[in-house]
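Working notes, structure below.
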Amino acid sequence: MLKWFNTREVDEFAKTIAADLIKRVPATAVDPSDTKVQKKLLSTQNWIFDRLERFAQGRSLNLYQKASFGNTLKWALKDAAFAPEVVDAWTQELVAHLTLIPAAKE
């Protein structure tokens, strides 16, 4: 039962993902109308989706852990001064993707 509430691993992973996002796409560079930025965002999104899939592989993440991932990611991005709509969009997209990854069989 206590394992269900253990979020240390997913929280550390969320911080890593946020740090990588911040390095790849600084908060000041998010201009969706710029085609160069759009290409950078798309390649970054694909790269992060791959990392999420590798992380989730072999793990059976429960609802609480997925929510904790989203919360940790959201606050890290907010602290990095991203616009609130960007933070919400990335958090929603990454948590949705994490949720859609098939759970590991135990």
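Values in this text are rule-based calculations from the coordinates and carry no lab data. Keep in mind that this is a model prediction, so the values were computed, not measured. Glycine also receives a Cβ, built like all others from the backbone with ideal geometry; neighbour counts cover every protein chain displayed.
Observations, loosely collected:
- Computed from phi, the 3J(HN,Hα) profile of region 53-61 under the Karplus parametrisation 6.51, -1.76, 1.60 (θ = phi - 60°) reads 5, 5, 5, 6, 5, x, 10, 10, 7 Hz, with x in place of Gly and Pro.
- Given charges at beta-carbon only (K, R positive; D, E negative), |dipole| of region 37-89 in Debye: 140
- Derived from the Cα gyration tensor, the three semi-axes of the equivalent ellipsoid of the chain are 26, 15, 10 Å, largest first.
- Full extension of the chain between Ser33 and Asp50 yields a length gain of 3.6 nm, computed as 0.36 nm times the residue separation minus the alpha carbon distance.
- Size of electric dipole in region 67-106: Cβ of Lys, Arg +1 and of Asp, Glu -1, about Cα centre, debye, nearest 20: 100
- Residue-averaged 222 nm ellipticity for the chain, from DSSP H runs of 4+ at -39500 (n - 2.57), nearest 500: -23500 deg cm²/dmol
- Cβ charges +1 (Lys, Arg) and -1 (Asp, Glu), total dipole of the chain, debye: 240
- Total lysine pairs in region 1-61 at Cα distances under 23 Å, for residues eight or more apart or on different chains: 6.
- Under 9 Å, Cβ to Cβ, from Thr44 - net charge with Lys/Arg +1 and Asp/Glu -1: +1
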